[in-house]
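A.B. asks: Would you mind keeping the following structure in view while I ask a few things?
The values are calculated or read from the model by the stated rules, or taken from the named source; none is laboratory data. The structure displayed is predicted, hence computed values, not measured ones. A quick note on method: Cβ atoms are made from the backbone with ideal geometry, for glycine too, and the neighbour counts reach across all protein chains shown. Accessible surface areas use protein heavy atoms only, side chains included; no ligands, DNA or RNA. Shrake-Rupley method; radii C 1.70, N 1.55, O 1.52, S 1.80 Å.
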Amino acid sequence: METDDPAGSSDGTIICVESLEHAYGDFRAVDGISFAVRRGEIFSFLGPNGAGKSTAINVLITLLALQKGRATIAGYDVTKEPQKVRESIGIVFQDITLDRDMTVWELLEFHGRLYTMPAGERRKRIDELLKLVQLESKRNELSKRLSGGMKRRLEIARGLMTRPKVLFLDEPTIGLDPQTRMRMWEYIKGVNREGTTIFLTTHYMDEADQLSDRISIIDHGKIIITGTSWELKNTLGQDLIYLETDNDKAALGLLKDLPPVRDIKAKTRGFTLMVNEDGTKVLPGIIDTLRNAGIEISTINLKKPSMDDVFVFYTGKEIRDEGQAPARPRFMRAGGR
Ligand code: ADP
Ligand code: MG
């Protein structure tokens, strides 16, 4: 589509961040993070409240000044070319930033005009989005009359009006009911398929797991690990294989000394192996070993660790669902909308 991309992004990297730091006074909220997002990806920051996700995003979208490190979006340096960066991105904020004296429709229409969308496209997109966030019946309602949840959905609809190169979504489904969240994921995937790179932050395990191509786990301002959901789960080496055979006792004896087997436990029926590699790679060897000894397998089941397991492993804690995050201080948006 675009042919005017500077050379910086021609290698398939659309967001490049090196040693980024951001402090509020003495407190380092973002503590030296480096990562790259590939063009066309859905990339997530997964971390608890206070991890530094919003601070990092606000630097990337040029709402906070970059203090230390380097960041480019679509090849543009956030410090040297903030206007170019802004032209390349779309944003859905964690907080509600809606102008209150416009109706739902006016707000979306205004946003579309601001981004010079053709009239036909605006009409189509507004209809599609009002349906997505189930605000069709509120089309002519003043946004200030909407409930908190409706405002949240309207904010999301507004962020999805245009199709920027990169769309930043800061905790996009926080406080939404499960059905709306799932519809939102499908829509975000659709926007991504149309060519928009997505950078999202979340503290929901399932959101990161199901939506992202790659995930960075972030805590205390630092990225702890980055990878696909599959890769992260495999690094734990905690895949569980459950087996039932016609001779569990003999099977147990044969398998307990195989190199990938870390632990083996007999159950009332069958037994469970914990393997320290990707279980799908270990299974054929296990099957061969048992077959060669003339043991019949009646049941096999492989369970990979969950994203919760991954998170606990790397951060030493679970994320409780705290629901709505506390409102950020207003001054954080200085220079914003
Ligand atoms: P997250 O989005 O992951 O919840 P934030 O980036 O909002 O994390 O916050 C990271 C840390 O920085 C938190 O400890 C938060 O209290 C602190 N913080 C955020 N904004 C400000 C601010 N404007 N002034 C001082 N401290 C802030
Ligand atoms: Mg946040």
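A.B. asks: Residues that are of a type in the set (Asp, Glu), free of Cβ contacts under 8 Å to residues at least 12 places away in the same chain and surrounded by fewer than 17 Cβ atoms within 10 Å (Cβ to Cβ): does the stretch 285-295 have at least one?
C.D. replies: Within the stretch 285-295, the subset of a type in the set (Asp, Glu) is 288.
Then keep just the ones that are free of Cβ contacts under 8 Å to residues at least 12 places away in the same chain; that gives 288.
Filter once more, so that each one left must be surrounded by fewer than 17 Cβ atoms within 10 Å (Cβ to Cβ): 288.
The answer is yes, given that some residue of the stretch 285-295 is of a type in the set (Asp, Glu), free of Cβ contacts under 8 Å to residues at least 12 places away in the same chain and surrounded by fewer than 17 Cβ atoms within 10 Å (Cβ to Cβ).
A.B. asks: So for the stretch 281-298 (the condition being on the phi < 0 side of the Ramachandran plot, modelled with pLDDT under 90 and of a type in the set (A, V, I, L, M)), does at least one residue qualify?
C.D. replies: no
A.B. asks: With respect to residue 33, is the statement that it is of a type in the set (Val, Ile, Thr), assigned by TED's automatic domain parsing to the domain that holds residue 176 and out of contact with any Lys or Arg (no Cβ under 8 Å at 6 or more places or on another chain) true?
C.D. replies: On the way: of a type in the set (Val, Ile, Thr): yes; assigned by TED's automatic domain parsing to the domain that holds residue 176: yes; out of contact with any Lys or Arg (no Cβ under 8 Å at 6 or more places or on another chain): no.
So residue 33 does not fit the description; no.
A.B. asks: Could I ask something else about it? Does residue 122 satisfy being open to solvent by 20 Å² or more (accessible area, probe 1.4 Å), under 27 Å from residue 186 (Cα atoms) and either assigned to a strand (DSSP E or B) or in contact with a Ser or Thr (Cβ under 8 Å, 6 or more places away or on another chain) (or both)?
C.D. replies: So residue 122 does not fit the description; no.
A.B. asks: What do you reckon, is residue 151 open to solvent by less than 90 Å² (accessible area, probe 1.4 Å) and in contact with a strand residue (DSSP E or B) (Cβ under 9 Å, 6 or more places away or on another chain)?
C.D. replies: no
A.B. asks: Would you mind stating whether residue 91 is under 16 Å from the mean Cα position of the chain (by Cα), open to solvent by 20 Å² or more (accessible area, probe 1.4 Å), within 16 Å of ligand 1 (Cβ to nearest atom) and within 30 Å of residue 22 (Cβ to Cβ)?
C.D. replies: Yes; evaluated as a whole, the condition is true for this residue.
A.B. asks: Scanning for something within 16 Å of ligand 2 (Cβ to nearest atom), in contact with a helix residue (DSSP H, G or I) (Cβ under 8 Å, 6 or more places away or on another chain) and assigned by TED's automatic domain parsing to the domain that holds residue 209, does the stretch 94-111 turn up at least one residue?
C.D. replies: no
A.B. asks: Across the stretch 32-76, what is the number of residues that are farther than 12 Å from residue 14 by Cβ and within 16 Å of ligand 2 (Cβ to nearest atom)?
C.D. replies: 20
A.B. asks: Looking only at the stretch 51-75, filter to residues that are of a type outside the set (Gly, Ala, Ser), crowded, with 23+ Cβ neighbours inside 10 Å and away from ligand 1 (no atom under 16 Å from the Cβ); which one of those is farthest from residue 202 (Cα to Cα)?
C.D. replies: The extreme case among them is 72.
A.B. asks: Closer than 29 Å to residue 45 by Cα, modelled with pLDDT under 90 and within 16 Å of ligand 1 (Cβ to nearest atom): is that true of residue 168 in this structure?
C.D. replies: Answer is no for this residue.
A.B. asks: While we're here: Within the stretch 248-275, how many residues are in a loop (DSSP other than H, G, I, E, B) and either modelled with pLDDT of 95 or more or open to solvent by less than 70 Å² (accessible area, probe 1.4 Å) (or both)? Can you show your working first?
C.D. replies: We begin by selecting, within the stretch 248-275, every residue in a loop (DSSP other than H, G, I, E, B); these are 256-260, 267-270.
Narrowing further to those that are either modelled with pLDDT of 95 or more or open to solvent by less than 70 Å² (accessible area, probe 1.4 Å) (or both): 258, 260, 270.
Qualifying residue count, the stretch 248-275: 3.
A.B. asks: Do we find a residue being at pLDDT below 90, out of contact with any Leu (no Cβ under 7 Å at 6 or more places or on another chain) and away from ligand 1 (no atom under 16 Å from the Cβ) anywhere in the stretch 326-337?
C.D. replies: For the stretch 326-337, residues at pLDDT below 90, out of contact with any Leu (no Cβ under 7 Å at 6 or more places or on another chain) and away from ligand 1 (no atom under 16 Å from the Cβ): present.
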